[in-house]
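Everything on this sheet refers to the single structure shown next.
Every number in this text was worked out from the coordinates using simple rules, so none of it is lab data. A quick note: this is a predicted structure, and the numbers were derived from the prediction, not measured. Methodologically, a virtual Cβ is constructed for each residue, glycine included, from the backbone with ideal geometry; neighbour enumeration extends over all protein chains shown.
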There are 2 protein chains.
Amino acid sequence: MARYEQIASDLRDAIVRGDYPIGAQLPSEAELALRYSAARGTVRQAVALLAAEGLVGSRQGARRIVLGSERSQSFAELHSFAQWARSMGYRASGTVLSSRRRPCSPSEAVRLSLEPGEEVLDVLRLRRLDGEPVLVERTVYAGWIAPAVERLDPECESVTQELYESVGLVFAYGEHLIDAVAAGSEDARLLDVRRGSPLLRQRRVTTTQEGRPVECSDDRYRAGSVTFSIRNSTAANPLVRRAGD
Amino acid sequence: MARYEQIASDLRDAIVRGDYPIGAQLPSEAELALRYSAARGTVRQAVALLAAEGLVGSRQGARRIVLGSERSQSFAELHSFAQWARSMGYRASGTVLSSRRRPCSPSEAVRLSLEPGEEVLDVLRLRRLDGEPVLVERTVYAGWIAPAVERLDPECESVTQELYESVGLVFAYGEHLIDAVAAGSEDARLLDVRRGSPLLRQRRVTTTQEGRPVECSDDRYRAGSVTFSIRNSTAANPLVRRAGD
DNA sequence: AGCTCTGGCTTGTTTGTACAAGTTCGCCTA
DNA sequence: TAGGCGAACTTGTACAAACAAGCCAGAGCT
């Protein structure tokens, strides 16, 4: 662990513990540098990390202030339903309901950087939290990863983790589109809600470290089961609003 | 504009223009430093900006790669419906349907850092895109900003901008919770949809530069009108999934 | 009392240097 | 031909120094 990560971790703990309550001022960079025997630049990297997490805010000339004290999860926990569920103390389970190969559609070819007509793997999964069905996942995997996906246990808990352990695949980058849709008849049946009832939809495309697209997915959460949370500031915000399509 | 922002802007333009297509490698830091006659540290700040926007990805030892080419909007455009709409080429309008003062509830007192029972301003607004109603905003303003809000034109297009111009208020930080809900009867009537149809809900709390909460709001978008988009990576992601509440 | 202004404090930007750690690719060998 | 090895390249981390720019409180003035 890098020095600046240690410092960030230490400060984060202090904030979560309540040493610096919401609204309080953080020590100045100079003081922190002295306290941790580090250069000012290193301290700045640490607090930049906390700022990116939305825990502290800063303005030129004024001391940094604490904005929040909730610890935010890692990328892995956002990407992987199972890892997120586990970290929240839920028991996650899932079932593959169907899995078949087919040629990709033109729009999928674009999103997954495939040749038109190249083969993809289409998987329908139902995910549960503590036994309750909360999520229908319709995922399209690029052909080159399909064999590894097909080898997975249909009841496999964490696809992300299994793929990492079996073929060393790392999901590194993702783009997510979030909106609301009405439950179709299949959604309704699987999630045990009425047809037309509101679902939170997350469409995503995930790529490897090298920027190679792996999968795109249409995930639908039962209303009330899951909420997305974003902290942002004038400095940095990756969340954008888009016109409906 | 700082040097690193200029460099970032230049690189961003090149990416958007297609000089560096998706999947392509960016020049090395050393080469960029030479090209822009800047120190390597300055170049690193520039590409860090692009990485935070999700435009490029990076791994130690390998060249940076281009992940996307869409320009993401600024915080102001996320926060302000009107500014976002304008930047997307839509015509935004809005109407205040009701506005009244009342004592705050216990939960509001916590979220807005108020004394229990302190007065707040409750505003119901309907927002339109190109004349079509797409958003119902139920906003609660802290008492200290209420007078300035009440002075606003009921048809005021951009509340954010007006408050900045009239009292110098800057919305600097925000926390957003996103989920899906069914339209209530009032929602349905205002948005011209059927009761129970899906809406995308964004609950937010916004604070000033000093960390002082200004408003909390419950915004409901008609399904299909607006999508939220997030790019993230293993390095940084402010978006988190939360259990429903 | 209320106002202005200034000086010190704090964060922001930039440059330079050095080394650590991971990737890539060509060369050499078995 | 397949595999291993290593050199060159590239990004990550850390330190030091200097100046710019913005904030704030206290001194001093009206």
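The residues B:16, A:181, when put in order of fewest to most other Cβ atoms within 10 Å, stand as B:16, A:181. For trypsin sites (Lys or Arg not before Pro), the sites in region B:66-175 that DSSP calls loop and that have at most 15 other Cβ atoms within 10 Å are B:71, B:91, B:151. Ordering A:50, A:6, A:65 by the projection of their Cα atoms onto the charge dipole of region A:3-66, which places +1 on the Cβ of Lys and Arg and -1 on the Cβ of Asp and Glu, puts A:65 at the extreme positive end. Which of rounded, prolate or oblate describes region B:72-197 when judged by the alpha-carbon gyration tensor and an a/c cut-off of 1.5? Verdict is oblate for region B:72-197. Take the Cβ-Cβ distance between residue B:97 and residue A:110 as r, set R0 to 35 Å, and report the resulting FRET efficiency rounded to the nearest 0.05. Once rounded, the FRET efficiency stands at 0.25. Model label sites at residue A:208 and residue B:86, defined 7 Å from Cα along the beta-carbon direction, differ in position by 4.6 nm.
With its label point defined 7 Å out from Cα along the Cα-to-Cβ axis, residue B:89 lies at 5.0 nm from the matching points of the other copies, in increasing order.
The GluC sites (Glu not before Pro) of region A:59-165 meeting both criteria, a DSSP state outside H, G, I, E and B (loop) and at most 12 other C-beta atoms within 10 angstrom of the site's C-beta, are A:155. Position residue B:28: other-copy label points at 4.0 nm, ordered by increasing distance, label point 7 Å along Cα→C-beta. Counted by neighbouring Cβ atoms within 10 Å, the residues A:178, B:145, B:7 run from fewest to most as B:145, B:7, A:178. Highest mobility in the GNM of chain B, judged by mean-square fluctuation with C-alpha springs under 10 Å and restricted to B:46, B:82, B:142, is found for B:46. Shielding value for A:194-200 is 5, the average number of Cβ atoms from other chains within 10 Å of each residue's Cβ.
Mean per-residue shielding of peptide A:219-229 is 6, counting Cβ atoms of other chains within 10 Å of each Cβ. What the Cβ-Cβ distance of residue A:152 and residue B:161 gives, at R0 = 45 Å and to the nearest 0.05, is a FRET efficiency of 0.30. May I ask you to derive the FRET efficiency for residue B:192 and residue A:10 from their Cβ-Cβ distance with R0 = 45 Å, giving the value to the nearest 0.05? Once the sixth-power term is evaluated, E becomes 0.25. When the helices of chain B are scored as -39500 (n - 2.57) per DSSP H run of n ≥ 4 and the total is divided over every residue, the value at 222 nm lands at -8500 deg cm²/dmol.
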